[in-house]
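Beneath this line is the structure, given in C-alpha cells, with notes to follow.
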Amino acid sequence: MRCGYGSLAVIKGVSLHVEQGEIVSLIGANGAGKTSLLKAIAGLLPLWAGSIHLDGSDITGTPAWRGVSRGLVLVPEGRGIFADMSVLDNLIVGGYRNRDRQLAIDRVLERFPRLHERQRQIAGTLSGGEQQMLAIARALVGRPRILLLDEPSMGLAPLIVKDVFDIVRGLRSQGVTVFIVEQNAVAALGIADRGYVLETGEVILEGTGEALRENPEVKRAYLGKGYREVWE
Ligand code: ATP
C-alpha cells in the first residue's frame, strides 16, 4: 500500500500480512510512519494505492466504524480513553455494538483485576499503565478479531511495559490476533511471532520475532543492552 498526507508520501509501498492467532510486531523509529500505517489499516487514512483484505474480503476504503463491526479494532496512540468517564462507562462504550456486552464486560473485568477494583474510578485518574490496560480492555469488549495496537509502551516505566505486554501475550492464547506497532523494539519483538522493521515508510526487514531479535542490524539500531535480562 501507499498513502500519505497532501503530497507527502509517508507509506511508500508496504506489503504485510497477519495470520489468525498471531502476534505480529512492526518496529520503527520516530516518524517512520507506524501510526500512519495503522490508521490506513483501520480505515482512518485513505490509501493512494494498494488494498487491504480481512478474512479474504477486500475492505479497502471501508470506513473505520464499519471495520470495527467486522472485528478490526484500533487502540490508538495515547490510548484515547474517555478521561472524564468511569472505567466501567469506558467499557460500556467499547461494547456499544456488542449484543452480549455485559458478558464481554464481565469477562474483561475478570481478566483485568486492576480494572475490576477500579471500575467506578474516573478513567483520567488511573495511572498510565492502568489507562493503557483500559484502552486494551475497552477494545476487547468490542470482541475484535484483530486488535491493532499503536505504541502501547508509550510513556510507561519498563516494569509497567512488561505488565502490559504480558497481557498482550495472553490475548493470543484466547484467540485474539494482534498487530502492534512500537518504537520499543525490545518489548515488541519479545512477544512477537513475526515482525517487520519499517524505515521511512518502507519495510526493510521481516522475519520471526526471534530472527529479528538476533539480527545484527536490528540489535545495533533498535535493541539496547540488557533486553535479554528483561525478556528471556
Ligand atoms: P512516532 O513513533 O513518532 O509516533 P510514527 O512512526 O508513528 O512516529 P507517523 O506518525 O506515522 O510516524 O508519521 C510519519 C510522517 O508523517 C511524519 O513525518 C509526520 O510528520 C507525518 N505526518 C503524520 N501525520 C500527519 C498529518 N496529519 N499531516 C501531515 N503529515 C503528517
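Brief remarks follow.
- Top-ranked residue in region 5-48 [being loosely packed, with under 11 Cβ neighbours inside 10 Å and in a strand (DSSP E or B); ranked as nearest to the ligand (Cβ to nearest atom)]: Y5
- Residue list for region 182-195, restricted to those being over 17 Å from Q20 (Cα atoms) and in contact with a strand residue (DSSP E or B) (Cβ under 6 Å, 6 or more places away or on another chain): E182, A185, A188, L189
- Filter result for R114 (modelled with pLDDT of 90 or more, closer than 30 Å to V186 by Cβ and open to solvent by 70 Å² or more (accessible area, probe 1.4 Å)): yes
- Residue satisfying condition, being surrounded by fewer than 22 Cβ atoms within 10 Å (Cβ to Cβ), away from the ligand (no atom under 16 Å from the Cβ), in the same structural domain as I23 (by TED's automatic domain parsing) and on the phi > 0 side of the Ramachandran plot, within set G209, G175: G175
- Out of V87, V68, sole residue that is in contact (Cβ under 8 Å) with a residue 12 or more places away in the chain, surrounded by 14 or more Cβ atoms within 10 Å (Cβ to Cβ), within 20 Å of T177 (Cα to Cα) and β-branched (V, I, T): V68
- Once region 49-60 is narrowed to residues that are in a strand (DSSP E or B) and not acidic (D, E), the residue that is nearest to R169 (Cα to Cα) is L54.
- Residue under evaluation A42, criteria (1) free of Cβ contacts under 8 Å to residues at least 40 places away in the same chain; (2) over 20 Å from E199 (Cα atoms); (3) of a type outside the set (V, I, T), criterion not met: (1)
- Hey, Q132 touching a residue at least 12 places away in the same chain (Cβ under 8 Å), under 22 Å from A157 (Cβ atoms) and open to solvent by 20 Å² or more (accessible area, probe 1.4 Å) or not: no
- Unmet criterion (only one of (1) under 18 Å from the mean Cα position of the chain (by Cα); (2) more than 12 Å from the ligand (Cβ to nearest atom); (3) modelled with pLDDT of 90 or more) for R70: (3)
- Qualifying residue in region 189-201 (condition: in a loop (DSSP other than H, G, I, E, B), of a type in the set (S, T, N, Q) and open to solvent by 20 Å² or more (accessible area, probe 1.4 Å)): yes
- Residues of region 144-188 classified as within 11 Å of the chain's Cα centre (by Cα) and assigned to a loop (DSSP other than H, G, I, E, B), total: 3
- Filter result for I160 (among the β-branched types (V, I, T), open to solvent by 40 Å² or more (accessible area, probe 1.4 Å) and over 21 Å from H17 (Cα atoms)): yes
- Here G78 qualifies as open to solvent by 20 Å² or more (accessible area, probe 1.4 Å) and at pLDDT below 95.
The values are calculated or read from the model by the stated rules, or taken from the named source; none is laboratory data. Just so you know, these numbers come straight off a predicted model, no measurement behind them. All Cβ positions, even for glycine, are placed from backbone atoms using ideal geometry, and neighbour counts span all protein chains on display. The area values use the complete protein model at the heavy-atom level, side chains included, leaving out ligands, DNA and RNA. Shrake-Rupley method; radii C 1.70, N 1.55, O 1.52, S 1.80 Å.
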